[in-house]
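Chemist: Sending over a structure as structure tokens; questions will come in a sec.
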Amino acid sequence: MDEIQSDIKTESHFKGTPDWGESKNWLYKELRVHFKVIGNPSDPPIVLIHGFGVSSEHWRNNAEVFANKGFRVYGIDLIGFGRSEQNLQGAINSLDNQFWANQVTSFLDEIVDIKKNGKVILIGNSLGALTAITILSQRPELIKTVIAAPLPEPVFINPIKPSFPIWLKKIKNFIIKLFFHLFPLKPLINLISRTKLITFALQSAYCRSITNDNELKRIVTVPARRTNASKALRSMCIGMSNRTYSALGPSIIAKIQNLQNRPPILLIWGKKDKLIPIFLAKKLIKLHPWLKLTVINDAGHCLHDEVPRHFNQIVLKWLENLKFSKQPI
């Protein structure tokens, strides 16, 4: 495990712009998907997958740096987030990491075009990292490496597969659906996104103060104020709560561990992450020593945005060591 000394006072937090790259749209299951792209089309592809509540704009301090170092960089808005579709249609009534993994996999096949441009580098923050390892567990032949910064969920404890009768599972699923249909999500979203509560909510993911980071607040609040934001959130709450065992972190990690030609995985963690404390990362590494961990001091949960200079250096060095970069870092 490597620890990187990081002085956040020397970081340039606001040089990046949420408007990086070219914005495009693509259809997945007749749902509009927004994505951004920057860099030479012939360069090795990187796909950036955002975390909960944000979008491709959250990579404001990373995408252009990677493109300037010789990569074709894509940032995708997962269904329900950013500028992608929030009003689900037909049989799609829940959202979870399995759904988003299928979305991104189709994106890799159709837009990134793995057959033409080669295997992809996946970089995910939190929920995006969970989505990335879900993709890896299913389609490892598409992936060069996964960088998870950090990994959410209790993938850190030896899992005990629960065994409940089918009737009990159905009752549980029904109660969860009923709860989230009755819970007043729309007023809650409006309250948080339109008051100073948004600063309080975002601060839990950062070590530095985000009080004056108006761009960050815009990245989060604009999608939250869309007409169908509460519908999308309800679908996420139901989907993530009712997942099967195979879609949970411990099962995904176990499946990856048993892959014959397992792509390398790098975990990057903020030492001051309040949402997923560092001791959980260390426990994960102890259980799965084939994973690599780098810790950045003085960084929280959104370390790619909080300490971008250090984060970018770590990513680029990792890719250089794996011989995935076209030019020296």
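Chemist: Of a type outside the set (Phe, Trp, Tyr), touching a helix residue (DSSP H, G or I) at 6+ places or on another chain (Cβ under 6 Å) and at pLDDT 70 or above: does that describe ARG208?
Modeler: Values: of a type outside the set (Phe, Trp, Tyr): yes; touching a helix residue (DSSP H, G or I) at 6+ places or on another chain (Cβ under 6 Å): yes; at pLDDT 70 or above: yes.
It is true that ARG208 is of a type outside the set (Phe, Trp, Tyr), touching a helix residue (DSSP H, G or I) at 6+ places or on another chain (Cβ under 6 Å) and at pLDDT 70 or above.
Chemist: Among the listed residues ILE252, ILE219, which satisfies the condition of being touching a Pro at 6+ places or on another chain (Cβ under 6 Å), assigned to a helix (DSSP H, G or I) and modelled with pLDDT of 80 or more? Outline the logic, then answer.
Modeler: Details: ILE252 fails: touching a Pro at 6+ places or on another chain (Cβ under 6 Å).
Matching residue, one of ILE252, ILE219: ILE219.
Chemist: Within the set of pairs 6 or more residues apart or between chains, which connect a residue that is more than 23 Å from GLY90 (Cα to Cα) inside the stretch 216-241 to a residue that is surrounded by 21 or more Cβ atoms within 10 Å (Cβ to Cβ) and among the basic types (Lys, Arg) with Cβ atoms less than 8 Å apart?
Modeler: ILE219/ARG60
Chemist: For the stretch 41-54, which positions are surrounded by fewer than 24 Cβ atoms within 10 Å (Cβ to Cβ), closer than 22 Å to CYS302 by Cα and in contact with a Gly (Cβ under 9 Å, 6 or more places away or on another chain)?
Modeler: If the condition is that a residue be surrounded by fewer than 24 Cβ atoms within 10 Å (Cβ to Cβ), closer than 22 Å to CYS302 by Cα and in contact with a Gly (Cβ under 9 Å, 6 or more places away or on another chain), then PHE52 is the only one that fits.
Chemist: Would it be correct to say that ILE38 is surrounded by fewer than 23 Cβ atoms within 10 Å (Cβ to Cβ) and either touching an Asp or Glu at 6+ places or on another chain (Cβ under 9 Å) or aliphatic (A, V, I, L, M) (or both)?
Modeler: Values: surrounded by fewer than 23 Cβ atoms within 10 Å (Cβ to Cβ): yes; either touching an Asp or Glu at 6+ places or on another chain (Cβ under 9 Å) or aliphatic (A, V, I, L, M) (or both): yes.
Judged against the criteria, ILE38 is a match.
A quick yes/no check of all residues on (1) in a loop (DSSP other than H, G, I, E, B); (2) more than 19 Å from ASP19 (Cα to Cα); (3) out of contact with any Cys (no Cβ under 6 Å at 6 or more places or on another chain):
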site: PHE35; (1), (2), (3): no, no, yes
site: VAL54; (1), (2), (3): yes, no, yes
site: PHE66; (1), (2), (3): no, no, yes
site: LEU78; (1), (2), (3): yes, no, yes
site: PHE81; (1), (2), (3): yes, no, yes
site: ASN87; (1), (2), (3): yes, yes, yes
site: SER94; (1), (2), (3): yes, yes, yes
site: PHE107; (1), (2), (3): no, yes, yes
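Chemist: I would also like to ask the following. Within the set of pairs 6+ apart or on separate chains, which have a first residue in the stretch 121-140 that is within 9 Å of LEU48 (Cα to Cα) and in contact (Cβ under 8 Å) with a residue 40 or more places away in the chain, a second that is among the hydroxyl-bearing types (Ser, Thr, Tyr) and not in a helix (DSSP H, G or I), and C-beta atoms under 7 Å apart?
Modeler: ILE121/THR145
The values are calculated or read from the model by the stated rules, or taken from the named source; none is laboratory data. As the structure is a prediction and not an experimental result, all values here were calculated from the model. Positions of Cβ are backbone-derived with ideal geometry, glycine not excepted, and every protein chain shown enters the neighbour counts.
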